[in-house]
Amino acid sequence: MSNVLLFGALLLVVILIWELLSPVRRDTSTPDYREPFQIYIGPGFLGVTPGAAQPAGIAARPVARPVDRLVDRPRKTVVGRLLFDLRPAVPPAAAGPSARPAKPPEPAKPEPAKPEPAKPEPATPAGGAVPEPPEVPLAREAPEVSEVPEVPLAREASEVPEAREAPEPPEVLEAREAPEVPEVPEAREAPEVPEAAEAHNAPAGDPAGSASRGWGRRAGAFAVSGVLGIGLGVVAVRLPSWVPTHPVATSHSARASATASATGNAVASVPVPMFAPYVMTWTGENLSALSQQSGAKNLMLAFVVAPKKGSCTVYWNGEPSTPVSRTVFGNDIATIRARGGDAIVSFGGGVDGTPKLELADACTDINAIATAYEDVITTYNLTRIDMNIEGAPAWDTVSIDRRNKALKIVQEWAAWHHRALQISYTLSAWPHGLADSGMGIMRNAVANGVRVDVVNIMPFDYCDKNRHSMVIAVKEAVTGMHDQLIDLYPQRSPAEIWHMLGVTVMPGIDDCGIGEILSLANAEKVVAWAADMGVALLSFWALQRDNGGCPGASISSGRCSGLAQSTWQFTQIFAPFPALRRGA
């Protein structure tokens with residue numbers, strides 16, 4: 001609302017400045033010239049022109065001061081013609097029969113007429129016929145001029161000066177034939193002379209009080225311009241939501257916008273820093289119950305993928321029986337948010353070392369890929385999506401470029417709709433940092449202008465037949481990724497780079513066997529170190545494995561950690577991370 005009022009005020013200021021600076025055009029060559037617009041406040045304020053010559057037929061009038069130029073100047077602009085009354089003030093003689101006095105006319109007392117110096121006119125009764133002119137005898141000297149009779153004539157609505165004595169006529173050298181006396185029209189009644197108090201506020205010939213009405217008209221004009229300014233402000237503020245979304249693809253934007261309206265416009269905030277373990281959505285478990293039982297307020301939901309090559313439609317885990325719909329996980333997500341948590345949807349991923357078919361690997365239409373991402377976002381009103389790219393898809397440069405181009409479109413769409421949206425990439429690790437495939441994905445994201453908010457590394461499953469200390473493995477991989485991203489984002493400080501890093505570990509035994517085990521004690525050290533370094537995200541794979549259902553296992557299981565532990569023990573170690581993180 002403040003933006004709307006500011007816009008209206010600025011518009012009014014622009015109008016006033018434009019009117020003040022626009023050139024004043026006057027034509028003073030005409031004999032009846034007068035200022036069309038003036039302010040008549042009173043002789044004590046603006047005064048009159050003392051002793052100045054006035055054009056013929058115009059009485060003395062107030063003098064225009066600089067303030068007149070601000071408010072009552074001739075308007076020569078389109079804005080002025082729209083907002084102000086441009087009717088010029090004219091003397092009564094020029095007003096014609098259509099000019100109406102302020103009050104009904106009454107007969108005025110006849111005043112002596114000003115005599116013409118050389119052409120005396122015989123008296124003519126009001127309404128009478130004109131007599132024939134007398135013969136003029138030839139003579140060297142002109143006859144004496146008799147006293148000029150009084151002739152009642154209409155005067156202006158201002159004070160009429162007393163008749164002065166006629167001067168003696170000059171000597172006539174030679175008598176000429178006397179011109180015919182023109183027919184004298186009937187004397188018209190003079191309009192009522194305004195009272196003295198009213199004469200100070202209105203020009204001669206203008207009805208009393210017209211100045212006040214002019215001020216009323218101008219006040220109304222300024223009020224109208226203010227309303228127009230506020231209306232334009234509303235249009236300017238609301239225009240982004242009325243204009244079609246990103247220029248690359250508008251059809252899918254309209255569908256996504258309609259879905260957003262149906263699901264509500266409230267945007268849930270993503271807590272940063274945060275702990276959000278992955279959840280296997282294909283197990284059929286109640287997600288909100290898992291969140292409540294484990295104590296994990298935020299969940300990373302795995303995975304939304306395409307069912308087959310060539311498909312541009314996504315489903316949960318690629319199964320048409322679980323479409324992206326409010327009826328599938330919609331109520332669970334709403335319940336999690338009601339308890340103060342949130343949900344992140346992850347695209348792609350892999351299970352047991354086998355990558356799933358991320359949409360950009362299956363679909364070749366960039367706009368269709370963006371459509372699918374937006375539909376998922378609007379269906380669940382998401383504030384963050386995760387791109388989990390593993391295995392062979394991490395090396396496919398063609399699908400990598402398609403994905404990042406689609407993500408750029410999605411970010412522009414979110415900006416048009418004033419929707420908060422964060423994008424994270426979850427990528428594989430080598431002991432020294434991101435794998436070369438992960439760095440290729442990040443370079444392509446930067447080249448396409450994608451804003452990546454979190455880069456999440458997975459320092460496990462090295463499978464190099466060496467025994468690893470998983471605490472050291474985490475520290476080395478994350479520190480190496482930090483150094484890699486400093487080179488990729490030279491405009492960011494080292495602390496800013498730490499705040500965009502994420503770490504996902506695998507509790508217990510990973511897919512490579514007993515050579516890579518993250519114990520409960522290791523987990524505590526990882527959480528403390530990550531909090532001290534200021535990373536943005538901690539996660540692990542996966543929440544359903546956080547139990548001691550298969551102690552002593554020699555290889556990972558999708559249902560347990562392989563360690564002797566209590567249920568949700570790893571979650572309880574990781575959950576305090578947001579409060580412990582430096583700079584939180």
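The values are calculated or read from the model by the stated rules, or taken from the named source; none is laboratory data. Note that the structure is predicted; figures quoted are calculated from it, not measured. All Cβ positions, even for glycine, are placed from backbone atoms using ideal geometry, and neighbour counts span all protein chains on display. Just the protein is used for accessible areas: all its heavy atoms, side chains included, with ligands, DNA and RNA removed. Shrake-Rupley method; radii C 1.70, N 1.55, O 1.52, S 1.80 Å.
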Checklist entry - Taking the stretch 280-312, which residues are touching a residue at least 60 places away in the same chain (Cβ under 8 Å), under 13 Å from S346 (Cβ atoms) and buried (at least 24 other Cβ atoms within 10 Å of the Cβ)? => result L299, M300, A302, F303, V304
Checklist entry - Which residues, taken from the stretch 462-510, are among the acidic types (D, E) and either over 18 Å from G438 (Cβ atoms) or buried (at least 18 other Cβ atoms within 10 Å of the Cβ) (or both)? => result E476, E496, D510
Checklist entry - Considering the stretch 434-444 alone, what residues qualify as being buried (at least 21 other Cβ atoms within 10 Å of the Cβ) and closer than 19 Å to W498 by Cβ? => result L434, G438, M442
Checklist entry - What is the number of the single condition among (1) surrounded by fewer than 18 Cβ atoms within 10 Å (Cβ to Cβ); (2) more than 25 Å from I573 (Cβ to Cβ); (3) hydrophobic (A, V, I, L, M, F, W, C) that A521 does not meet? => result (2)
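Among the residues of the stretch 314-323, count how many are assigned to a loop (DSSP other than H, G, I, E, B) and closer than 20 Å to G350 by Cβ. Step through it out loud before you land on a result.
So in the stretch 314-323, the residues assigned to a loop (DSSP other than H, G, I, E, B) come out as 314, 317-322.
Remaining after also requiring closer than 20 Å to G350 by Cβ: 314, 317-319, 322.
Number of matching residues: 5.
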Checklist outcome for this item: Within the stretch 350-371, the residues that are surrounded by fewer than 24 Cβ atoms within 10 Å (Cβ to Cβ) and small (G, A, S) are G350, G353, A362, A368
Checklist entry - Can we say W430 is more than 26 Å from the chain's Cα centre (by Cα) and modelled with pLDDT under 95? => result yes
Checklist entry - Considering only the stretch 535-572, how many residues are open to solvent by 30 Å² or more (accessible area, probe 1.4 Å) and either β-branched (V, I, T) or on the phi > 0 side of the Ramachandran plot (or both)? => result 4
Next on the checklist: Tell me whether the stretch 554-571 contains one or more residues that are among the small types (G, A, S) and touching a Phe, Trp or Tyr at 6+ places or on another chain (Cβ under 8 Å).
Outcome noted: yes
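Among the residues of the stretch 386-406, is there at least one that is more than 17 Å from I441 (Cα to Cα) and aliphatic (A, V, I, L, M)? Walk me through it before giving the result.
Of the stretch 386-406, the ones more than 17 Å from I441 (Cα to Cα) are none.
No, that holds for no residue.
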Checklist entry - So, in the stretch 332-342, of the ones that are out of contact with any Lys or Arg (no Cβ under 8 Å at 6 or more places or on another chain) and among the aliphatic types (A, V, I, L, M), which residue ends up surrounded by the fewest Cβ atoms within 10 Å (Cβ to Cβ)? => result A338
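Can you tell me which residues in the stretch 573-584 are over 25 Å from E285 (Cβ atoms), surrounded by fewer than 21 Cβ atoms within 10 Å (Cβ to Cβ) and of a type outside the set (G, A, S)?
At the first step, the residues of the stretch 573-584 found to be over 25 Å from E285 (Cβ atoms) are 579-584.
Right, trim to surrounded by fewer than 21 Cβ atoms within 10 Å (Cβ to Cβ) and you get 579-580, 582-584.
Across the stretch 573-584, the qualifying residues are L580, R582.
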Checklist outcome for this item: Selection from the stretch 320-331 of residues more than 38 Å from the chain's Cα centre (by Cα) and surrounded by 13 or more Cβ atoms within 10 Å (Cβ to Cβ) yields T322
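Rundown of residues vs (1) modelled with pLDDT of 95 or more; (2) closer than 25 Å to R467 by Cα; (3) in contact with a strand residue (DSSP E or B) (Cβ under 8 Å, 6 or more places away or on another chain), yes/no style:
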| site | (1), (2), (3) |
| --- | --- |
| H482 | yes, yes, yes |
| G502 | yes, yes, yes |
| A528 | yes, yes, no |
| L537 | yes, no, yes |
| I555 | no, yes, yes |
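Hey, could you check the stretch 367-405 for residues that are assigned to a helix (DSSP H, G or I) and within 13 Å of P355 (Cβ to Cβ) and say which is farthest from the chain's Cα centre (by Cα)? Talk me through it step by step, then tell me what you get.
At the first step, the residues of the stretch 367-405 found to be assigned to a helix (DSSP H, G or I) are 367-380, 392-395, 397-405.
Among the residues that remain, those that are also within 13 Å of P355 (Cβ to Cβ) are: 392-395, 399.
Details: A392: 45, P393: 41, A394: 40, W395: 42, S399: 36 Å.
So, considering only residues that are assigned to a helix (DSSP H, G or I) and within 13 Å of P355 (Cβ to Cβ), the one farthest from the chain's Cα centre (by Cα) is A392.
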Next on the checklist: Any residue in the stretch 364-389 that is within 21 Å of A542 (Cα to Cα) sitting within a Cβ distance under 7 Å of a residue that is among the acidic types (D, E) and open to solvent by less than 20 Å² (accessible area, probe 1.4 Å)? List the pairs, counting only those 6 or more apart or interchain.
Outcome noted: I389/E358
Checklist entry - Out of all the residues in the stretch 501-527, which are among the aliphatic types (A, V, I, L, M) and farther than 14 Å from S539 by Cα? => result I509, I514, I517, L520, A521
